[in-house]
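The structure under discussion appears below in the form of structure tokens.
The values are calculated or read from the model by the stated rules, or taken from the named source; none is laboratory data. Just so it is clear, the model here is predicted, and its values are computed rather than measured. Please note: Cβ atoms are built from the backbone with ideal geometry, for glycine as well, and neighbour counts cover all protein chains shown. When the accessible area is computed, the model is the full protein with side chains, heavy atoms only, and any ligands, DNA or RNA have been set aside. Shrake-Rupley method; radii C 1.70, N 1.55, O 1.52, S 1.80 Å.
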Amino acid sequence: MNLFSPIQLGSLNLPNRIVMAPMTRLRAVGSIPTTLMATYYTQRVSAGLIVTECTMISPLSNGYMNCPGIYSTEQIAGWEQVTKSVHDKGGRIFLQIWHCGRVAHPSLLNGEIPVAPSAIPGVGTLHTPTGKVNLETPRALDIDEIPQIVEQFRQAAENAKKAGFDGIELHGAFGYLIDQFIQDGSNQRTDKYGGSIENRARFLLEIVEAVSSVWDNGNIGIKLSPSNTFYGMEDSNPQATFSYIFKVLNQYKLAYIHLMEPNEIDLKNRDVINPALPVFRPLYQGKIITNGGYDKEKGNDAIKNAGADLVSFGKPYIANPDLPERFAADAELNTPDVKTFYGRGDENLEQGYTDYPVLVST
């Protein structure tokens with residue numbers, strides 16, 4: 001087996017194991033998906049699976065300017081044009097649904113204070129309509145508010161189905177709300193959502209239960225990052241915490257777990273689980289998508305020798321819409337333009353987004 005081997009993922013037959021990773025590109029002006037976004041995703045339909053950028057489940061789940069949502073009629077219609085275009089070209093696409101939690105700012109939330117499991121601020125800065133700001137102390141969620149957010153995830157899953165997606169990915173990584181509940185550095189609650197690992201995993205599992213009332217479990221994935229240090233994330237025993245989560249997720253028979261390896265910043269910040277795949281692969285009976293600085297050679301090795309089922313690629317997919325074709329031909333890859341990773345404001349949104357060249361057939 002290698003990157004080009006077909007694979008069954010839930011109800012989907014994928015022609016290859018090359019996944020376009022979710023990436024925050026911030027081109028949804030006014031939070032509504034656009035025809036330009038449809039072009040961007042359709043350019044990349046040769047991926048075995050496309051996973052979209054993080055998508056808001058509610059107005060108060062936002063952490064970034066020009067991030068798309070899936071809670072309004074206009075947003076659903078915007079995503080419909082994306083899924084139709086991708087499907088018309090034979091592609092497969094999951095929507096990543098997301099709540100930022102404490103990684104937000106009142107200027108992005110209509111003046112509301114960001115929410116989190118506990119009133120513990122994240123570490124870092126955000127770009128907002130009022131400029132670059134430090135993360136502020138969030139408001140700890142009341143226990144009766146938590147089911148409301150679980151319901152927002154369920155409704156987002158339903159809206160994703162209306163918009164024509166093939167499935168959903170829960171964003172449980174990178175220091176956002178689900179991750180904030182999981183790790184004890186950000187969750188110091190004393191009720192049934194805090195304390196023990198089982199309690200800290202409760203929010204995630206309630207969301208999985210909720211969205212599985214909308215989708216078959218084989219059309220649901222989840223992204224996890226046991227070694228991530230973004231926004232000051234930490235856990236007193238990440239191996240024990242995430243080992244429990246991997247084991248308990250076996251019962252749901254999900255499409256996949258999308259497992260993030262540590263990046264250079266994580267490795268500099270502190271001693272983290274590295275690599276993550278060999279630690280958690282033996283604990284999980286389902287499919288794992290691995291992500292973390294892979295190229296073609298390393299991706300093939302992860303599938304052949306390390307137990308990965310699929311490999312997702314981020315930066316290479318920004319600059320190479322035809323990444324599988326380039327891998328197959330051993331062709332040179334385009335170099336991504338870092339300055340345009342996260343949008344261009346009101347400038348040329350196509351630049352560094354839909355203008356990368358593809359291989360020319362001879």
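Which ranges mark the strands (runs of 3 or more DSSP E) fully within region 253-362 that have 1 or more residues being free of Cβ contacts under 8 Å to residues at least 60 places away in the same chain and not aromatic (Phe, Trp, Tyr)?
Once the strands (runs of 3 or more DSSP E) in region 253-362 are filtered for at least 1 residues that are free of Cβ contacts under 8 Å to residues at least 60 places away in the same chain and not aromatic (Phe, Trp, Tyr), what remains is 256-260, 288-291.
Those residues that are part of a loop (DSSP other than H, G, I, E, B) and open to solvent by 10 Å² or more (accessible area, probe 1.4 Å), I need them from region 166-211; list them, please.
Listed by number, the residues that qualify are ASP166, PHE174, TYR176, ASP184, GLY185, GLN188, ARG189, THR190, ASP191, LYS192, GLY195, SER196.
Determine, yes or no, whether PRO117 is modelled with pLDDT of 95 or more, more than 30 Å from ILE50 (Cβ to Cβ) and surrounded by 24 or more Cβ atoms within 10 Å (Cβ to Cβ).
yes
Give just the number: which of (1) under 30 Å from ASN217 (Cα atoms); (2) β-branched (Val, Ile, Thr); (3) open to solvent by less than 30 Å² (accessible area, probe 1.4 Å) does VAL272 not satisfy?
Of (1) under 30 Å from ASN217 (Cα atoms); (2) β-branched (Val, Ile, Thr); (3) open to solvent by less than 30 Å² (accessible area, probe 1.4 Å), only one is false for VAL272: (1).
So ASP301 ticks every box in (1) farther than 20 Å from PRO226 by Cβ; (2) among the charged types (D, E, K, R); (3) open to solvent by 70 Å² or more (accessible area, probe 1.4 Å); (4) touching a helix residue (DSSP H, G or I) at 6+ places or on another chain (Cβ under 6 Å) but one. Which box is left unticked?
Single failed check for ASP301: (4).
For the list (1) open to solvent by 20 Å² or more (accessible area, probe 1.4 Å); (2) closer than 17 Å to LEU49 by Cβ; (3) aromatic (Phe, Trp, Tyr), I need the number of the one condition that TYR342 fails.
The number of the failed condition is (2).
Can you find even one residue in region 153-168 that is over 22 Å from ILE93 (Cβ atoms) and touching a helix residue (DSSP H, G or I) at 6+ places or on another chain (Cβ under 9 Å)?
no
With respect to GLY352, is the statement that it is within 21 Å of ALA28 (Cβ to Cβ) and within 24 Å of the chain's Cα centre (by Cα) true? Please lay out each step first, then the result.
Working: within 21 Å of ALA28 (Cβ to Cβ): yes; within 24 Å of the chain's Cα centre (by Cα): yes.
Against the criterion (within 21 Å of ALA28 (Cβ to Cβ) and within 24 Å of the chain's Cα centre (by Cα)), GLY352 qualifies.
Collect the residues in region 235-265 that are touching a strand residue (DSSP E or B) at 6+ places or on another chain (Cβ under 9 Å), over 24 Å from ILE18 (Cβ atoms) and surrounded by 18 or more Cβ atoms within 10 Å (Cβ to Cβ), keeping them in residue-number order.
Matches in region 235-265: PHE242, ILE245.
With a cut-off of at least 1 residues that are within 18 Å of the chain's Cα centre (by Cα), name the strands (runs of 3 or more DSSP E) lying wholly within region 79-162. Talk me through it step by step, then tell me what you get.
Working: elements: 93-98, 125-128, 131-134.
Per the criteria, 93-98.
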